[in-house]
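Enquirer: Starting off with a structure, shown below.
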Amino acid sequence: MLNLFYKLNFKDIRRQNSFNLLKIILVVLISITFFACTGNAFGEVTLTKQLIEPDDILLEELKVTPSVPAYPLPLSTAKIANYQNFSEKILLSPKALSLLKN
């Protein structure tokens with residue numbers, strides 16, 4: 001009787017292993033089909049990313065000389081166009097005001 005149980009159990013295990021093998025084969029076939037059919041979609045994404053190539057961009061050395069008009073220091077508060085607007089928004093300490101006015 002015990003021997004019969006082992007034989008039945010072994011048949012179930014063999015049947016289950018063959019079923020698992022069929023599931024693995026099915027997953028592999030579905031994966032191959034998916035990647036074969038979507039190969040063009042991945043190619044299109046690659047093409048859109050290659051619209052601009054490094055050869056299309058011309059690098060030129062620019063020579064720029066910055067020129068900012070110089071102001072004689074210290075500045076007179078009367079000559080600052082937005083001093084009133086600035087002083088309403090940002091309160092300066094007395095020390096900062098004395099540096100500005102000197």
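The values are calculated or read from the model by the stated rules, or taken from the named source; none is laboratory data. Everything quoted here is computed from the prediction, not taken from an experiment. Ideal geometry is used to build each Cβ from the backbone, glycine not excepted, and the neighbour counts take in all protein chains shown.
Enquirer: Could you grab me the full set of residues in the range 65-86 that are of a type in the set (Ser, Thr, Tyr) and within 16 Å of residue 98 (Cβ to Cβ)?
Expert: Scanning the range 65-86 gives 76, 77, 83.
Enquirer: Looking at the structure I just gave you, is residue 99 surrounded by 10 or more Cβ atoms within 10 Å (Cβ to Cβ), over 42 Å from the mean Cα position of the chain (by Cα) and either at pLDDT below 75 or not aliphatic (A, V, I, L, M) (or both)?
Expert: In short, no.
Enquirer: Let me ask another. Go through the range 53-99 and give me each residue that's touching a Phe, Trp or Tyr at 6+ places or on another chain (Cβ under 9 Å) and assigned to a helix (DSSP H, G or I).
Expert: 77, 79
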